[in-house]
Amino acid sequence: MSINIIKKVCFFMLFLSSLNVMSQELGKVSGKVSLSGNVPASGISVVLKGTKYNTVTNDDGNYELKYVKPGSYTISVHSVGAHSIEDAIVVTAKQTTTKNFSLSESQEDLDEVVITKNKYKQDKPSLSLRLQTPVLEIPQNIQIISGQTLKDQQITSMSDGVIRNVSGAVRLEHWGDLYTNITMRGTQIQAFRNGFNVVSSFWGPLTEDMSFVDHIEFVKGPAGFMLSSGDPSGLYNVVTKKPTGITKGEATVIAGSYDFYRASLDLDGKLDKKGKLLYRFNGAAQKKGSHRPFEHNDRYVIAPVLSYQFDDKTKLTFEYNFQYANMTEVGSYYVFGPESQGYATLPVGFTMTQPGLPDTNIQDHSGYLMFEHKFDDKWKLTAQTSYFKYIQQGYSSWPSLVGPAGVDTDGDKVLDKFIGNGDIIRNVGIWDAESNMYLGQIFLNGKFSTGPITHKVLTGIDLGSKDYMADWGQSHDLDTLDKPFNVYNPNYGTPSNGFPQFDHETPLSIRAGGRMSSEYAAGYVQDELGFFENRLRLTLAARYTWISQSSWGETQEDSHITPRVGVSYSIDQNTAVYGLYDQAFIPQSGITQNGDPIKPLTGNNLEFGIKRDWFDGSWSTTLSAYRITKENELTSDPNNGPNDPYKVILGEKRAEGVEFDVRGKIIDGLNVIANYAYTESIVTQSNVPSIGSGSVVPGFAKHTANAWLNYNIQSGSLKGFGASIGGTYLVDRQTDNWGAGLQRLPNYFKLDGGLSYDTKKFKITANVFNILNEYLYSGSYYTYLKSYYWQTEQPINFRVGVTYKF
C-alpha cells in the first residue's frame, strides 16, 4: 500500500472521528403540538428563543430540533390563530428532550396558520411519498408546489401554468387541456395521484382540476423505491385535499377573458362532537371558451372525502374524485401550414375546426381507500387501494393533406392537382376510449437504532392491473380535392364532404382497434442509516418488479431488481449535500411495424446536489446535476402521424443537465419562486435508420428560466394589498417529434402579473397573463404531411377572482 493511500485512509478516519466527537456533544429536542380536541397542529413554528434553532411541525403535529448544544433554553410555540406558549427546557448531550404542547386555537384564523410561516415553501413530503425524512435531508431533488402558490397564480388545472414553479419542466401543448404530458430531464415524466401511477397509456390521465388538489410534488430522477414504478426522469405526484379536523369553508368565483367563468367550493369539518368522523368536500364548475372560435372546454368536479379516527393509532379514509369534461374535438387547437411558409403565418385566433361537430365527453372516476395504523411512535403500517375508470366518447381532428401536395401515391398523378397554397383536406376520426386501473399498496415505516446508528426502514408491496382500449378505426375527410378547406379563405359552412356518421353503438370491446394492458407486482425494502446523530445518512434500497404486459395481442413478461444508493450529509443544520445512484424499470405499451417485441424500459440515474435553507428556514435553494441513460425506449415513428399506433424502439439515449430552484419568503411580505435549468438530451445508440447516433432527442428546451415574485404590504392603511410579477423564458426549444423541417421554434418569453387584496374573510385576486401580448406557440414539423403545425396560446388576457372564507 502506497504512502499516499495510507495518508488518505488516515485522513478519512480522522475526519469520521471528529464528526463522531462533535455529534456526541449535541442533543435533540422533539415533541408534538396539538390543537383542542387532540387535532394535530401542522405548520406551527417551534423556536429556541435567542438561537438559530427553529423548525415547523409536520402534518402529524410532530417537530424535531437536531444538533442542539447542551444547555438551558426557552422554547416558544407560536402561530397566527393560536395562543403562543413558552416553556423552559434543558438539553443534555447525546439525549433527546421531549416536549409536547396543546394550543388553544382561534377558529377565525386557523386557515392562516400554514401560510404564516411560509406560503410557498414546504419542508415535508406527503404521506403518499412514503418517506419519513425532511426534504432537506432526502438524497434527491424534490420540489413541492404549495396550495397557496396555486391560488395566487389562479391555476385551475395541471395544464394551466403549474410547471413554471419547478426547474426544467416544459409542456409541449400537444394535447391542449385534455392531458398534461410534462417533459422533464429529456423525457415525458410519469403522472401520479396520491402515490399511484395513473398512466394507463400515452394518452392520459385527464388533467386534474385544482379544486381538489392540496399540493403537487415533483420528484426528479427515479422513484421506484417509494412509488410503484417510475420513469428515470421523474414524476409529478398530485396530492388531493384531506379533512383537517378544523371546521371551515371557502367559496371562490373567477371570471376572465374569452368567456372564462368558474365557481368552486371547499368545505372542511367534523361530523361528530368528538372529532373522530371528519369530512372534506370540494366541487367546481367551469365554462371555458377560447381565443379561437367554435372551441370550448367545460369542466364539472365533485370530490368528497371521509375519514374516521378509531383511536390514537388507527385511521380509515375514503375518497372519491369525479371529473367530467365536455369539449371541442381533440385537435381543434392545431393549425397547419405548408412547409414553404413555416410557423405562425396565420392570425393567433385562427382555427381549422369545423363548427357542428359533436362535442367530446370524458368521465374520469377515481376512488381511494386508505388504512393507517400506528403500532407506536416508531412503527406505522399503511395500506391503500384505488380504482380508476376513464371513459371517453368523441372525435379527433387531423388533416389528411396539406397543400401544395403533389404527392403521387398510386401512379395516376391525381394528387398533383391538389396544389393550391393553403389548401387542406381536414379529417375527423373517432376516439372512443375506456381505461380501468386497479392498484394496491401496503407499506411499513419504522425507526430503530443499532448502537450509535439510527435506521429509518421502509418496506412494502405494490400490485397493479391496468387496461386501455380505444377505437381509432373510423375516419372521415370533411373536405374534397375539388373543394378543399383554404386557410387563407376559410369557409366554416357545411363541409364539402359532409359530416361523419360514426358507429358509437357497437360495444367498444368489439370496435377497439387498440388494446393495451399490464399487470405488475413488486416488493421493496429501503434502509436510511444515520451516523453521527444522523448528520451523515446512507440510503440503501432494492426493489424487485415483475411485469406482464400486452399490446395489440402481443404479451410479454419480465422481471428485474433495481438497486438504489444515496448519501446525504448535513454540513450544518441548514445545509446538506447529497449523491444518488438509482435505476428504473417500467413497462411500455405499443406495437412496432415489423413486430419487434416491446421490452420494459430500463434506466440509470447519477445525481449530485446541494440543498440549503436560508434565514431560519424562510427560503431554500436546491442545486443539482444529473446524467440519465435510458434503454429500449419506445418513441413515435418519424414517418407516421400522431394517431398512428406504430412505434419504434429507439435504442439508448442520454440526458444530462443542471437545475437550480429557489422558493420561500425572502423578507416579511416578499415571497419568491425562481428556477433555471440547462438540459441536453441526445441519442447514443439508434435502432432507427432515420435517427442517427448523436441526434438531439426532441421534447425539451435547452435553457429554461422561470420566476414569480409576490409582495404583500404588512402594515399601515394599505395592509392586505399585494402585487405579483412573473415570467417564463425558454431558449433553444426542440420540436416534439423527429421531423427536422427547415425552421426551429423561436425563443419563448411570457410575462404575467397581478394584484390582490386580502381582508382574511375576503380575498380579491386579479392576474393578467401574457402582458406583452406576444404571439406565443409551440409546434413541430410533420414529415409525412410536409407541413408545420402549431398551437397558439391566448393573447393578453385576465382573470379576476373573489374568495370568501367562512
Practice prompt. Please find, within region 613-628, the residue that is nearest to Asn427 (Cα to Cα) out of those that are hydroxyl-bearing (Ser, Thr, Tyr) and at pLDDT 90 or above.
Written response: Tyr626
Practice prompt. Please determine, by comparing only the residues of region 326-353 that are closer than 25 Å to Ile430 by Cβ and of a type in the set (A, V, I, L, M), which one is surrounded by the fewest Cβ atoms within 10 Å (Cβ to Cβ).
Written response: Met327
Worksheet item: If we scan region 718-738, do we find a residue that is without any contact (Cβ under 8 Å) to a residue 12 or more places away in the chain, more than 25 Å from Gln794 (Cβ to Cβ) and either surrounded by fewer than 18 Cβ atoms within 10 Å (Cβ to Cβ) or among the hydroxyl-bearing types (Ser, Thr, Tyr) (or both)?
Response: yes
Discussion item. Please pick out the residue among Ser233, Ser211, Ser229 that is closer than 22 Å to Val696 by Cα, crowded, with 24+ Cβ neighbours inside 10 Å and either modelled with pLDDT of 90 or more or among the hydroxyl-bearing types (Ser, Thr, Tyr) (or both).
Written reply: Ser233
Worksheet item: Pairs, please: C-beta under 7 Å, at least 6 apart or cross-chain, first residue without any contact (Cβ under 8 Å) to a residue 40 or more places away in the chain and in region 187-199, second in a strand (DSSP E or B) and of a type in the set (Gly, Ala, Ser)?
Response: Val199/Ala191
Worksheet, complete the sentence: Reported set for region 146-182 where residues are touching an Asp or Glu at 6+ places or on another chain (Cβ under 8 Å) and not in a loop (DSSP other than H, G, I, E, B) is Gly147, Ser157
Worksheet, complete the sentence: Filtering region 126-156 down to residues that are among the basic types (Lys, Arg) and surrounded by fewer than 20 Cβ atoms within 10 Å (Cβ to Cβ) yields Lys151
Practice prompt. Select from region 671-694 the residues that are surrounded by 18 or more Cβ atoms within 10 Å (Cβ to Cβ), more than 30 Å from Ser146 (Cβ to Cβ) and within 24 Å of the chain's Cα centre (by Cα) and list them in ascending order.
Written response: none
Discussion item. I need the full set of residues from region 405-428 which are modelled with pLDDT of 70 or more and of a type outside the set (Val, Ile, Thr), in order please.
Written reply: Asn421, Gly422, Asp423, Arg426, Asn427
Discussion item. Given (1) modelled with pLDDT of 95 or more; (2) among the acidic types (Asp, Glu); (3) part of a loop (DSSP other than H, G, I, E, B), identify the lone condition not met by Asp312.
Written reply: (1)
Discussion item. Checking Asp668 against (1) among the acidic types (Asp, Glu); (2) modelled with pLDDT of 90 or more; (3) farther than 21 Å from Ile189 by Cα: exactly one of these is not met. Which one?
Written reply: (2)
Discussion item. Given (1) assigned to a strand (DSSP E or B); (2) over 22 Å from the mean Cα position of the chain (by Cα); (3) in contact (Cβ under 8 Å) with a residue 40 or more places away in the chain, identify the lone condition not met by Asn326.
Written reply: (3)
Discussion item. Quick check on Ser167: is it of a type in the set (Ser, Thr, Tyr), over 22 Å from Phe281 (Cβ atoms) and modelled with pLDDT of 90 or more?
Written reply: yes
Fill in: Residues (closer than 19 Å to Gly221 by Cα and either at pLDDT 95 or above or not hydrophobic (A, V, I, L, M, F, W, C) (or both)) located in region 644-661
Glu652, Lys653, Arg654, Glu656, Gly657, Val658, Glu659, Phe660, Asp661
Item to complete: Test Gly566 against the criterion of being modelled with pLDDT of 85 or more and either over 22 Å from Pro232 (Cβ atoms) or crowded, with 20+ Cβ neighbours inside 10 Å (or both), and give yes or no.
Response: yes
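The values are calculated or read from the model by the stated rules, or taken from the named source; none is laboratory data. All of these numbers come straight from a predicted model, not from anything done at the bench. Methodologically, a virtual Cβ is constructed for each residue, glycine included, from the backbone with ideal geometry; neighbour enumeration extends over all protein chains shown.
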